[in-house]
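Visitor: Provided herewith is a single structure, encoded as structure tokens, for subsequent inquiry.
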Amino acid sequence: MSAEMTFNLISVGFSALGLFNAADGFRRTFKSVTAPGDPFFRRVLATEVALVTRWRSCLTRAVRRAFRRPAPTITATLGTALSVETAMNLRGFVQFGPLPDVTQEPAAFTAEVERRLNRAFQLAQDVQHELRQEEQVRDKRDQQVAADLGAQISALDEQAKRDALEGLREQVLGWFLVAVGLIAQVAALLAS
């Protein structure tokens, strides 16, 4: 086997390996910064299709201008949106029995009104106390959930950074191998 053929084979091998590593690095970096299940190749192809479409429209516009043709009219439909909001209210009632006749038993009437007012006041204080306790328990749970979510977000963020850096390292290695393949190609040209 000649030196030129050897350098050509080394060039092809390193270039192929480098391109494979770079593509895998791109895929890893993409996966580390996107939502789970987001397809890499479909996104890449969509980007390429958008780029080709943009170039095509620029070329079409340039050709239209060169031949002095008017731009086509574009017709589009508008969609509609509807939002509905609801509000709910909750009420509670406390009912007492009939009051004694004020004209026949004024002392009993006064005592019953005072008892009912004290009962309503006590119920209001009890409800307010229970609401305060529930609010304190809810605040503690909210703080715990916030702390747990913060820790999980930090861990996921660190993992995403590590994955992205690993993908970037693989890309650099891939492009380095492509460069070695190009150097081997230059060496093959010099050997010929």
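The values are calculated or read from the model by the stated rules, or taken from the named source; none is laboratory data. Note that this is a predicted model, so its numbers are computed, not measured. Glycine also receives a Cβ, built like all others from the backbone with ideal geometry; neighbour counts cover every protein chain displayed. These accessible areas exclude ligands, DNA and RNA; they are computed on the full protein's heavy atoms, side chains included. Shrake-Rupley method; radii C 1.70, N 1.55, O 1.52, S 1.80 Å.
Visitor: Angle between the Cα long axis of helix 3-33 and the longest principal axis of the chain, 0 to 90 degrees, nearest 10?
Guide: Helix 3-33 sits roughly 10 degrees off the main axis of the chain.
Visitor: Count charges around A50 for me, please; just the other residues with Cβ under 13 Å from its Cβ, Lys/Arg as +1, Asp/Glu as -1.
Guide: Details: positive: R42, R43, R54, R56; negative: E48.
Residues near A50 contribute +3 overall.
Visitor: Volume per residue, Å³, of the convex hull around the alpha-carbon atoms of segment 108-192?
Guide: Here the figure is 55 Å³ per residue.
Visitor: Here's another thing I want to ask about it. At a 1.4 Å probe radius, carbon and sulfur cover how many percent of the accessible area of the chain?
Guide: Carbon and sulfur together cover 63 percent of it.
Visitor: Taking square-rooted eigenvalues a ≥ b ≥ c of the alpha carbon gyration tensor, is the chain rounded, prolate or oblate, where a/c under 1.5 means rounded and, failing that, a/b exceeding b/c means prolate? Numbers along the way, then the final one.
Guide: Values: a/c = 8.73, a/b = 2.45, b/c = 3.57.
Oblate.
Visitor: Going by Cα centres, segment 1-34 and segment 37-71 are how many Å apart?
Guide: Each part's Cα centre sits 29 Å from the other's.
Visitor: Counting Lys and Arg as +1 and Asp and Glu as -1, each charge on the Cβ, what is the dipole of segment 135-178 about the Cα centre in debye, to the nearest 20? Don't skip to the answer; put the middle values down first.
Guide: Working: 6 positive and 9 negative charges, 10 e Å.
Around 40 debye, computed over segment 135-178.
Visitor: Now for a separate question. Just to be sure I understand: with springs between alpha-carbon atoms less than 10 Å apart, which residue in T29, T53, T110 has the highest mean-square fluctuation in the Gaussian network model of the chain?
Guide: Comparing T29, T53, T110 in the GNM, the peak value goes to T110.
Visitor: Treating the angle as unsigned and between 0 and 90°, give the value, to the nearest 10°, between the Cα long axis of helix 106-191 and the longest Cα principal axis of the chain.
Guide: Here the helix axis deviates by roughly 0 degrees.
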